[in-house]
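Note sheet for the following structure.
The values are calculated or read from the model by the stated rules, or taken from the named source; none is laboratory data. This structure is a prediction, so every number in the text was calculated from the model and none was measured. All Cβ positions, even for glycine, are placed from backbone atoms using ideal geometry, and neighbour counts span all protein chains on display.
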Amino acid sequence: MASPALLKTCFEVMHFTGASRLFRSQFQGVGVVFCLHHVCPGGGVERGFSPNYQLEYSPDFLDSVISLVRVRGYDLISVGDVKERITNPAAYKRPFAVFTLDDGYRDNMIHAAPVFRKHDCPYAIYVCPRIAEGTAEIWWRALEAIIAGSQRLDIEIGGVRIDVETGEDVQKQQAWKSIFPLLKALPEYEQRIWIREACEQQGIDLGAYCRSVAMNWDELRLLNSDPLCTIGAHTLNHYAVARLSEDDARREIADSGRIVGGQLGEVIQTFAFPYGDEPAAGPRDFAIAKDAGYVCALTTRKGVVFPEHASHLHGLPRVMLSGRYQKLRYVDALISGTPLALLNRFRRVNVS
Ligand SMILES: [Zn+2]
């Protein structure tokens, strides 16, 4: 994985040398699917100890990305039209862009939906029933809260004992760097047990946090009444399905669509894999999503979409917008496809 500093340098070089423009026609593919999370004023700016800030973007940044994509000649389409655009590319002269937001945070309704409406731009929100019901463990935020609220931590995780001072921001950042990878690496069910116990010890109410940041079913139904909005499924519990047994993965993938659809009174057509990178979702899971009846499924494997994805509609790549790179020239370089082609060693399809 390239470091953020290296990636930034790569984007700058591409921008200032014109490399991204030069190779645009070769690498930009037939379209791009953006992946976002939180949209909130001041979002994406590191403020003291805020290790999840890269999952946030400001509404102004979203506004400018949509404008940029339009200026670059993209059709802004609904995720429901992606299959047609991939399987029938000759019928369309312009590339497509799709905006998707994962997890169903309330800030999407408050701060992102007005921006999409201003641009008449379709968008999709991927929802986990347990998050909408306020019973899921949003563990990466919970860990942030645990470290933020502590002066010292003495914990054991995955057989590793960590005993550190956490009074200062720099100590909190160090603690995050030590604990986050260990927590992420725990098997899915153990990870949730660990965070529940740690929250209990620190007096953090996981359910209250979940309910404070996530849209409930009433809010999702309201948002779904907007013709620009499509709601998709994102597992029941926000698990990395590749790390589950086949039966459990099947239940998470298929039942989430059934439950979301039941709540909204419609059939859910598309699915997004939580985390979505290679360790979180693989070929077995793409096949399960297909069996479950979804028209397409989205990963966060990095890439733009090519006609070759017609045979891999359940492992489509996305371009993740990171709060860390809230500059239009980075987005411009990304959608040219050039840095992604380099990253994928010029493979157009990465589904293995
Ligand atoms: Zn997610």
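Results, tabulated for the structure shown:
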| quantity | calculated |
| --- | --- |
| Cross-chain or 6+ apart pairs with Cβ under 6 Å, the stretch 331-343 first and among the aliphatic types (A, V, I, L, M), then in a helix (DSSP H, G or I) and at pLDDT 85 or above | 331/65 |
| Some residue of the stretch 262-281 being in a helix (DSSP H, G or I) and crowded, with 21+ Cβ neighbours inside 10 Å | no |
| Residue within the stretch 156-163 that is within 16 Å of the ligand (Cβ to nearest atom) and surrounded by fewer than 22 Cβ atoms within 10 Å (Cβ to Cβ) present | no |
| Residue among 93, 118, 83 that is under 26 Å from residue 275 (Cβ atoms), out of contact with any Gly (no Cβ under 6 Å at 6 or more places or on another chain) and either surrounded by fewer than 20 Cβ atoms within 10 Å (Cβ to Cβ) or modelled with pLDDT of 95 or more (or both) | 83 |
| Selection from the stretch 82-119 of residues that are of a type in the set (Val, Ile, Thr) and away from the ligand (no atom under 16 Å from the Cβ) | 82, 86, 87, 98, 110, 115 |
| Residues satisfying the stated conditions in the stretch 271-287, i.e. away from the ligand (no atom under 14 Å from the Cβ) and within 19 Å of residue 103 (Cβ to Cβ) | 279, 285 |
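Per-residue answers, yes or no, for (1) among the acidic types (Asp, Glu); (2) touching a Pro at 6+ places or on another chain (Cβ under 6 Å); (3) part of a loop (DSSP other than H, G, I, E, B):
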{"position": "93", "(1), (2), (3)": "no, no, yes"}
{"position": "98", "(1), (2), (3)": "no, no, no"}
{"position": "125", "(1), (2), (3)": "no, no, no"}
{"position": "141", "(1), (2), (3)": "no, no, no"}
{"position": "153", "(1), (2), (3)": "no, no, no"}
{"position": "163", "(1), (2), (3)": "yes, no, no"}
{"position": "173", "(1), (2), (3)": "no, no, no"}
{"position": "177", "(1), (2), (3)": "no, no, no"}
{"position": "191", "(1), (2), (3)": "no, no, no"}
